[in-house]
1. Can you give the log10 of the normalised intensity I(q)/I(0) at q = 0.23 Å⁻¹, computed with Debye over equal Cα scatterers of the stretch 1-58?
2. Within the chain, how many lysine pairs that are 8 or more places apart, or on different chains, have C-alpha atoms less than 25 Å apart?
3. Tell me, what is the FRET efficiency for Ile50 and Arg84 to the nearest 0.05, using R0 = 25 angstrom and their Cβ-Cβ distance as r?
4. Taking the chain, how much of its Cα-Cα pair set, in percent, is spaced more than 20 angstrom apart?
5. Give me the percent relative contact order of the chain, please, defined on Cα pairs under 8 angstrom at least 6 residues apart.
6. Pop a pseudo-label 7 angstrom from the Cα along the beta-carbon direction at both Glu97 and Thr67 and give the gap in nm to one decimal.
Amino acid sequence: MVDPPTKACIGCGWCCRKARCIFGISAAEKKGENGKGPCTLLRWNGERWICGFYEDAPESMKAQIATELSFGAGCCASLNDYARTGHVPTPDEIDDEPKKSG
Ligand code: SF4
Ligand code: SF4
């Protein structure tokens, strides 16, 4: 089986708005939420979307978190138009983005 092709991550945040990773789910559950929907830890830095969980983690934990989240491995979300076109949506633009149901 051939792995899907990957592109460089442009920080569009699409993946974290469509499904949370285990850190995002855990954070939601701690707040009494169900963990579905866009990750509330996703953060806009003025240029791209970044992971707030990673940003706020102690420096000593960052390498481990980056490994767990496969930072630097690229994007293999073939249904993601942002990665295909290279456009990083601003917070205003994602207000019009289709929301995941369920
Ligand atoms: S480019 Fe891909 S991996 Fe990077 S934030 Fe967007 S959907 Fe996620
Ligand atoms: S923003 Fe961070 S914690 Fe949330 S889903 Fe993305 S990688 Fe996981």
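1. Log-scaled intensity ratios, in q order: -0.93.
2. 19
3. It comes to 0.75.
4. 41
5. Rounded, it is 37 percent for the chain.
6. Going by the 7 Å Cα→Cβ label model, 2.9 nm.
Every read-out reported here was derived from the displayed coordinates using simple, explicitly stated rules and does not represent laboratory data. Note that this is a predicted model, so its numbers are computed, not measured. Cβ coordinates were reconstructed from backbone atoms using ideal geometry, including for glycine residues, and neighbour counts include every protein chain displayed.
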